[in-house]
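**Student:** Could you have a look at this structure, given as structure tokens, before my questions?
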Amino acid sequence: MSEVKAIGISEVKNMINPQELSREMSGLMEKLFPICRSITGNGSRESLNIIREHIPITLHEVPSGTKVFDWTVPKEWNIRDAYVKNSKGEKVIDFRESNLHIMGYSIPVHERMPLSELKKHLHTLPDHPDWIPYRTSYYRENWGFCLTHRKFMELKEDTYEIYIDSTLEDGYLTYGEYYLKGQTPDEVLLSCHTCHPSLCNDNVSGMVLTTLLGRHLSSLSLRYSYRILFIPGTIGSITWLSLNEDVVKYIKHGLVVTCAGDPGMSTYKRSRMGNAEIDRAVEHVLKHSGSPYRVVDFSPYGYDERQYCSPGFNLAVGCLQRTPHGEYPEYHTSADNCDFVRPEHLADSFSKYLSVLNVLECNRSYFNANPKCEPQLGKRGLYTSTGGQSHAVSDQMALLWVLNLSDGQHTLLEIAEKAEMGFDRVKNSADALLNAGLLSISQRG
Ligand code: ZN
């Protein structure tokens, strides 16, 4: 790539215009939101092609029937139209009004039936009578419609015409992959799911955030290589892992990106290891973010971290989100829309992700080149001679911590934690000491 500039993540973070970023995120979100996606099908392709306008992802097509560990790539599902009409010919449920009206993977149907029969195929949320639920039936051939409970209560005894113009046949599972080559083959994995229809926080927010992270990373000179995956949930990560076992050994750190735009606080779900560098990096960034946050231990339920952290892989992959799935009432309903996700929350998540990646990129250990007693900082311009300034004193504290723990055994993140300082401050001190010839980079990393 010819445009690689020798600047790092912290510099690019300062260069980002928050208004412009919010505008760009809203624009991409509104383009992706209306598309009827599923774990396979043209909705996924259309979404990936929109993402390809921002970053050069490669689209992979894996044939139905491919064995992926204990699973099989399913048939490809596509839908063109679906409705329920009453005997007057009025559409009482119409897929064209909301793609959540159709249960994902519904088989083609064209028949008439009484209300009692139709009801067996209808899904509602009595507790939220104005919201449409999101339902799927990927691995059992079935059909169904989802509607508001209010509309459901209005349905009268009648003979209804059911029409589902879908196909479920051999085809492909489509996923997108973007590999950014860094200075080392060691990789950071960013993975988001692409399989939900019009659901904004659970799905679109992750795709938007991941796309823009990829775009910004692509303009930088990076230490790590980055692998960015846009895959259908569960079957997508299982498929990718199954087809890329030779690549897995390069993945040193990873994050599953989802639920990035709701108003809730940031929540970090640790990797299965629990104390990997990615876990410590995210926890450090959240602790110093100035806003409330939550850290939870790994559990074998949630998003694709379930697969990356299965015991046969046990990768250092956590999940950085805001409110976790199932913990906000809008989850998997029509209320998870573009009003629920706000650009300012997306931008806040974006900034935290960049901070975490910056820690990973810059987290090294150093050797103190002058380890016998403290070097004289004043004569190197590293210490202001005006005493009593609290700022100068605190910077000196950072310099002293870095000098003292630069024994090749402590990384900057470990120093920042011991010193109870933000990573950037410790990193800036290390840069100043390196420039003054007082540090050398440890081969350990
Ligand atoms: Zn979901």
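**Student:** Hey, can you tell me all the residues within the range 124-139 that are at pLDDT 95 or above and surrounded by fewer than 16 Cβ atoms within 10 Å (Cβ to Cβ)?
**Tutor:** Going residue by residue through the range 124-139, those that are at pLDDT 95 or above are 124-138.
PRO126, ASP127, PRO129, ASP130, SER137 - these are the residues of the range 124-139 that are at pLDDT 95 or above and surrounded by fewer than 16 Cβ atoms within 10 Å (Cβ to Cβ).
**Student:** Residues ILE57, ILE39: which one is within 16 Å of the ligand (Cβ to nearest atom) and under 19 Å from the mean Cα position of the chain (by Cα)? Outline the logic, then answer.
**Tutor:** On the way: ILE57 fails: within 16 Å of the ligand (Cβ to nearest atom).
Sole residue among the options that is within 16 Å of the ligand (Cβ to nearest atom) and under 19 Å from the mean Cα position of the chain (by Cα): ILE39.
**Student:** I'd like the residue in the range 411-445 that is touching a Ser or Thr at 6+ places or on another chain (Cβ under 7 Å) and farther than 17 Å from GLU374 by Cβ and, out of all such residues, is most open to solvent (accessible area, probe 1.4 Å).
**Tutor:** At the first step, the residues of the range 411-445 found to be touching a Ser or Thr at 6+ places or on another chain (Cβ under 7 Å) are 411, 424, 439, 442, 444-445.
Okay, now just the ones that are also farther than 17 Å from GLU374 by Cβ, so 411, 424, 442, 444-445.
Working: THR411: 20, ASP424: 78, SER442: 6, ARG444: 142, GLY445: 21 Å².
Checking each candidate, the answer is ARG444.
**Student:** LEU118: buried (at least 17 other Cβ atoms within 10 Å of the Cβ), under 18 Å from HIS332 (Cβ atoms) and over 30 Å from the mean Cα position of the chain (by Cα), yes or no? First the steps, then the outcome.
**Tutor:** Working: buried (at least 17 other Cβ atoms within 10 Å of the Cβ): yes; under 18 Å from HIS332 (Cβ atoms): no; over 30 Å from the mean Cα position of the chain (by Cα): yes.
So LEU118 does not fit the description; no.
**Student:** Is at least one residue of the range 101-110 open to solvent by 70 Å² or more (accessible area, probe 1.4 Å), more than 30 Å from LEU346 (Cα to Cα) and among the hydrophobic types (A, V, I, L, M, F, W, C)?
**Tutor:** Looking only at the range 101-110, we keep the residues that are open to solvent by 70 Å² or more (accessible area, probe 1.4 Å), and these are 108, 110.
When the remaining residues are screened for being more than 30 Å from LEU346 (Cα to Cα), the result is 108, 110.
Filter once more, keeping what is among the hydrophobic types (A, V, I, L, M, F, W, C): none.
So far as the range 101-110 goes, no, none of its residues is open to solvent by 70 Å² or more (accessible area, probe 1.4 Å), more than 30 Å from LEU346 (Cα to Cα) and among the hydrophobic types (A, V, I, L, M, F, W, C).
**Student:** Moving on to the next point. For the range 127-184, name all the residues that are basic (Lys, Arg) and either under 25 Å from GLU46 (Cα atoms) or not assigned by TED's automatic domain parsing to the domain that holds ARG227 (or both).
**Tutor:** Within the range 127-184, the first condition is being basic (Lys, Arg), and the residues that meet it are 135, 140, 150-151, 156, 181.
Result: ARG135, ARG140, ARG150, LYS151, LYS156.
**Student:** Can you tell me which of (1) open to solvent by 10 Å² or more (accessible area, probe 1.4 Å); (2) within 22 Å of SER137 (Cβ to Cβ) is the one ASP202 doesn't meet?
**Tutor:** In the conditions (1) open to solvent by 10 Å² or more (accessible area, probe 1.4 Å); (2) within 22 Å of SER137 (Cβ to Cβ), ASP202 misses (1) alone.
**Student:** Further, regarding this structure: Taking SER271 and the conditions (1) over 26 Å from LYS427 (Cβ atoms); (2) among the polar types (S, T, N, Q); (3) open to solvent by less than 40 Å² (accessible area, probe 1.4 Å), which numbered condition does it fall short on, given that it satisfies the others?
**Tutor:** Only one criterion in (1) over 26 Å from LYS427 (Cβ atoms); (2) among the polar types (S, T, N, Q); (3) open to solvent by less than 40 Å² (accessible area, probe 1.4 Å) is unmet by SER271, namely (1).
The values are calculated or read from the model by the stated rules, or taken from the named source; none is laboratory data. Note that the structure is predicted; figures quoted are calculated from it, not measured. Backbone-built Cβ (ideal geometry, glycine too); neighbour counts: all protein chains shown. When the accessible area is computed, the model is the full protein with side chains, heavy atoms only, and any ligands, DNA or RNA have been set aside. Shrake-Rupley method; radii C 1.70, N 1.55, O 1.52, S 1.80 Å.
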